[in-house]
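Participant: To start, I am sharing the structure in question, which I have written as structure tokens.
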Amino acid sequence: MVGRVCFLLVVSVVLLFRCAFAYDVTEKFTVDATLSLVYQKVSLDDQEAQSIGVEDSVGRGSGTVDLGFNFHPTDVDEFQVTLSFGAGNGLKYTPIFSLATNADDLESDLKNINGRDRDYLLEVWYKHTFKLKEDLSISGTIGIIDATQYLDQNPYANDETAQFMNEVFVNNPVLNLPSYDLGGVLELSFSDLSVKALAMGSRTEDWQAPGAYRGYGYYGLELGYKLKDPLGEGNISLLGYTTTKDFVDWQGVKGEALKGFGLSFGHPITEYLGVFLRGGWQDDKAQIIHQKSYSGGIDISGKLWGREDDNIGVGYAYLKGPDQGLLDCTHAIEGYAKFKITNFSHLTFDVQYLKDKFNDNTKLDGMVYGVRFVVKF
């Protein structure tokens, strides 16, 4: 109850930003706010619903408010603080599919973050950039960071509040990118080429002490290239990562590391059409859900029908489970249509089809229908 009251208070503040707070923003200090309201309903076959102990038709909603405070005291120094407040978990923690139908951070995600007794505070970091030449720079970031803001970027499949909602189309799930913990990033930019090295310390559930957490280290290295031509700008990147040996093996007796690699590509191919592709693999010595992931899709610009800020996205993903796991494979199809309502709001209609096939030849599949309303300042 307290969390919902706090959420409503923050919503009120957000709605006042336009007429009050925005006037205090200067060239060096900016504030952004995003209100996202989502409702999703899943439809399952009667027998399949009974087999997992849920209703054949479940509908739930959620709301989040994200607040970002950015301070640029100089051209080469930057400070960021990000807060998020939520009400409701939607379908995210309903045990239905192996993939989350909404990748946004919801009410339960925003409390006791990573088991650190910290609520609502997502990011606090400082960044300094060394400009060596006109097209050559090195920057370093340190603080509480989110790895998804630096690695596995894609112009068409990366934003759960404005693009696809399912987690498989927001970031590659086999990369196991950590969020909201202490870490650092080094970025080298040379013309259109970039190299990013990230190190973070995060926490996972401790298999030796149920209910407790075990710390682990995450290390990622990504090589990226901006693709520019008259049609627009895209990117291609290759990422490799590893963790410390703090994840349980299949026998439940010793620690193993998570490690793997991923590829991301996105670029316009006509004035109205863009494409994206992702692929990834991870080692299966530790207990994992998916070992391989392949996804791709298209983005259709609203320029095609005279509304530049509208767009339609369609994506398909295939994920393969490890040989020792219960899951054989997963199929995911998602389509959404986003329409601009005002200069600072949009409405999205979303449809997903998900199918999990298990190694005992059973399956679970169903449709997920969703609507998302976003106000952003």
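Participant: Report the one residue of I312, V368, P210 whose Cα lies farthest in the direction of the positive end of the charge dipole of the chain (charges on C-beta: Lys and Arg +1, Asp and Glu -1; origin at the Cα centre).
Facilitator: Of the candidates, P210 comes out farthest on the positive side.
Participant: How large is the charge dipole for the chain, taken about the Cα centre, if only the Cβ atoms of Lys, Arg (+1) and Asp, Glu (-1) carry charge, to the nearest 20 debye? Each step should come with its number before you reach the end.
Facilitator: On the way: 33 positive and 51 negative charges, 37 e Å.
Computed about the Cα centre, the dipole is about 180 debye.
Participant: Can you put I341, I236 in order of Cβ neighbours within 10 angstrom, beginning with the fewest?
Facilitator: Going from sparsest to densest Cβ surroundings: I341, I236.
Participant: Still on this structure, please answer the following. List residues of region 282-324, by number, whose backbone nitrogen lies under 19 Å from a label position 7 Å along Cα→C-beta of K254.
Facilitator: Only 283-288, 324 pass the distance filter.
Participant: Hey, another quick one. Set the Förster distance to 30 Å, then compute FRET efficiency between E55 and I298 from the Cβ-Cβ distance, nearest 0.05.
Facilitator: It comes out at approximately 0.35.
Participant: Distance between Cα centroids, region 91-105 to region 197-238: provide it in whole Å.
Facilitator: Result: 20 Å between the Cα centres.
Participant: Would you calculate, for the chain, the mean residue ellipticity at 222 nm contributed by helices, counting each DSSP H stretch of 4 or more residues as -39,500 (n - 2.57) and dividing by all residues, to the nearest 500?
Facilitator: -2000 deg cm²/dmol
Participant: Now a separate question. Expressed as a rounded percentage, what relative contact order does the chain have, with Cα pairs under 8 Å and six or more residues apart?
Facilitator: Relative contact order comes out at 13 percent.
Participant: About the Cα centre, and with charges only on the beta carbon of Lys, Arg (+1) and Asp, Glu (-1), how big is the dipole of region 234-377? Nearest 20 debye, please.
Facilitator: 220
Participant: Let me ask something else. Give me Rg/Rg_expected for the chain, where Rg uses Cα atoms only and Rg_expected = 2.2 N^0.38 Å with N residues. List each step's numbers first, then the result.
Facilitator: On the way: Rg = 20.9 Å, N = 377, 2.2 N^0.38 = 21.0 Å.
Taking N as the residue count of the chain, the ratio is 1.00.
Participant: Jot down the radius of gyration and Dmax of region 239-327, Cα atoms only, both in angstrom.
Facilitator: 18.4, 60
Participant: Still on this structure, please answer the following. Once fully extended, how much extra length lies between Q208 and L227, figured as 0.36 nm per residue of separation less the alpha-carbon to alpha-carbon distance?
Facilitator: Working: separation 19, 0.36 × 19 = 6.84 nm, distance 4.67 nm.
Extending this stretch completely gives an extra 2.2 nm.
Participant: To the nearest 20 Debye, how big is the dipole of region 127-236 about its Cα centre, given +1 on the beta carbon of each Lys and Arg and -1 on that of each Asp and Glu?
Facilitator: On the way: 8 positive and 15 negative charges, 72 e Å.
My answer is approximately 340 debye.
Participant: Once Lys and Arg get +1 and Asp and Glu get -1 on their Cβ, which of G302, G321, T342 lies farthest toward the positive end of the dipole of region 261-377?
Facilitator: Of the listed residues, the answer is T342.
Participant: Sticking with this one: Considering the dipole of region 97-169 built from charges on the beta carbon (Lys and Arg +1, Asp and Glu -1) around the Cα centre, which of I144, T161, L110 is farthest to its positive end?
Facilitator: I144
Participant: Regarding region 84-230, what whole-number volume in Å³ per residue does the convex hull of its Cα atoms give?
Facilitator: Residue-normalised Cα hull volume stands at 136 Å³.
Participant: How large is the convex hull of the C-alpha atoms of region 69-126 per residue, in Å³?
Facilitator: Spelled out: Cα convex hull of region 69-126, divided by residues, is 109 Å³.
Participant: With a point put 7 Å past each Cα toward its Cβ, work out how far D192 is from M367 in nm, to one decimal.
Facilitator: 4.2
Participant: Modelling each spin label as a point 7 Å along the Cα-to-Cβ direction, I'd like the H128/D45 distance in nm, to one decimal.
Facilitator: Each label point lies 7 Å from its Cα, and together they span 6.1 nm.
Computed from the coordinates by the stated procedures, all read-outs in this text should not be read as laboratory data. Bear in mind the structure is a predicted one, so any value in this text is a computation, not a measurement. Please note: Cβ atoms are built from the backbone with ideal geometry, for glycine as well, and neighbour counts cover all protein chains shown.
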